[in-house]
Amino acid sequence: MNNITSDNQITIRKGVSADLPEMLQLFTATIDEICKQDYNLQQLEAWKSGTENEERWMKVIRDQYVLMAAIENKIVGFCTLDQGNYIDLLFVHKDHQHKGIASLLYQKVEKEALRCNEKELTADVSKTARPFFEKAGFQIVQEQTVNVKGIAMTNYKMVKHLIS
């Protein structure tokens, strides 16, 4: 996939293993700053501890369809698609919220799912991301409580039926 640049100089490209340190930093900073209105400190800390599982992140880069959004070579967001139909991760840098980056990444991921003849997209979505996913046409299948390091957190199993 070639780099695609839009008018506001956001470049979308495939993620590579060299992106991992910057991805992890963006992941934790975004959770700290953007999700704090929806989750308490214990929950945020448990969620961020996901960065400690290096094997999982290597597997994401190796096995998933990973897209990076960059402005002037700095990663400002990323989205991953697992097994062609599950959005595993979608994060946008805390300083670049509400600029269309998540939408741009999501559109490319949906396009990839359609290219793979998928009929639906699913995601486990945080309280913080729920409005974005609803705007993108996803519906809640169920509210769920997940345990991360013994800390209970609410998220939503969501689905979007794709029309090719």
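So residue 37 fits all but one of (1) part of a helix (DSSP H, G or I); (2) loosely packed, with under 12 Cβ neighbours inside 10 Å; (3) not charged (D, E, K, R); what number is the exception?
Failing condition for residue 37: (1).
Please identify the pairs in which a residue from the range 75-89 that is of a type in the set (S, T, N, Q) has its Cβ atom under 6 Å from the Cβ atom of a residue that is outside any strand (DSSP E or B), counting only partners at least 6 apart or on another chain.
80/60; 80/64; 85/113; 85/118
Identify, by number, the condition in (1) in a strand (DSSP E or B); (2) surrounded by fewer than 16 Cβ atoms within 10 Å (Cβ to Cβ) that residue 125 doesn't meet.
Only one criterion in (1) in a strand (DSSP E or B); (2) surrounded by fewer than 16 Cβ atoms within 10 Å (Cβ to Cβ) is unmet by residue 125, namely (2).
Checking the conditions here, which among 108, 119 is touching a residue at least 24 places away in the same chain (Cβ under 8 Å) and in contact with a His (Cβ under 8 Å, 6 or more places away or on another chain)? Steps first, please.
Numbers: 108 fails: in contact with a His (Cβ under 8 Å, 6 or more places away or on another chain).
When all the criteria are applied, what remains is 119.
Taking only the range 80-108 into account, find how many residues are in a helix (DSSP H, G or I) and under 18 Å from residue 131 (Cβ atoms). I'd like the intermediate steps shown before the answer.
Restricting attention to the range 80-108, the residues satisfying the condition of being in a helix (DSSP H, G or I) are 94-96, 101-108.
Add one more test, that the residue is under 18 Å from residue 131 (Cβ atoms), and what stays is 94, 96, 101-107.
Qualifying residue count for the region: 9.
Hey, could you check the range 55-79 for residues that are outside any strand (DSSP E or B) and in contact with a helix residue (DSSP H, G or I) (Cβ under 9 Å, 6 or more places away or on another chain) and say which is surrounded by the fewest Cβ atoms within 10 Å (Cβ to Cβ)? Please lay out each step first, then the result.
Taking the range 55-79 and keeping what is outside any strand (DSSP E or B), we get 55-64, 72-73.
Filter again for in contact with a helix residue (DSSP H, G or I) (Cβ under 9 Å, 6 or more places away or on another chain), leaving 56-58, 60-62.
Values: 56: 11, 57: 19, 58: 12, 60: 19, 61: 17, 62: 9.
Checking each candidate, the answer is 62.
Name the single residue that is nearest to residue 86 (Cα to Cα) among those in the range 40-54 being loosely packed, with under 13 Cβ neighbours inside 10 Å and acidic (Asp, Glu). Walk me through it before giving the result.
Narrowing the range 40-54 to residues loosely packed, with under 13 Cβ neighbours inside 10 Å: 40-41, 52-54.
Next, only the ones that are acidic (Asp, Glu) stay: 52, 54.
Working: 52: 22, 54: 20 Å.
So, considering only residues that are loosely packed, with under 13 Cβ neighbours inside 10 Å and acidic (Asp, Glu), the one nearest to residue 86 (Cα to Cα) is 54.
For residues that are of a type in the set (Lys, Arg) and either touching a strand residue (DSSP E or B) at 6+ places or on another chain (Cβ under 8 Å) or assigned to a helix (DSSP H, G or I) (or both), scanning just the range 128-163, find the one that is nearest to residue 36 (Cα to Cα). Step through it out loud before you land on a result.
We begin by selecting, within the range 128-163, every residue of a type in the set (Lys, Arg); these are 130, 135, 149, 157, 160.
Now drop any that are not either touching a strand residue (DSSP E or B) at 6+ places or on another chain (Cβ under 8 Å) or assigned to a helix (DSSP H, G or I) (or both), which leaves 130, 135, 157, 160.
Values: 130: 14, 135: 21, 157: 21, 160: 27 Å.
Once the filter is applied, the top-ranked residue is 130.
Quick check on this structure: which one of 149, 99 is within 19 Å of residue 40 (Cα to Cα) and in contact (Cβ under 8 Å) with a residue 60 or more places away in the chain? Reasoning before the result, please.
Values: 99 fails: within 19 Å of residue 40 (Cα to Cα).
It is 149.
Bear in mind that the values in this text are calculations on the coordinates, not laboratory data. This one's a predicted model, so the numbers in the text were calculated from it and none came from an experiment. For neighbour counting, all protein chains shown are included, and Cβ atoms are generated from backbone atoms with ideal geometry for every residue, glycine included.
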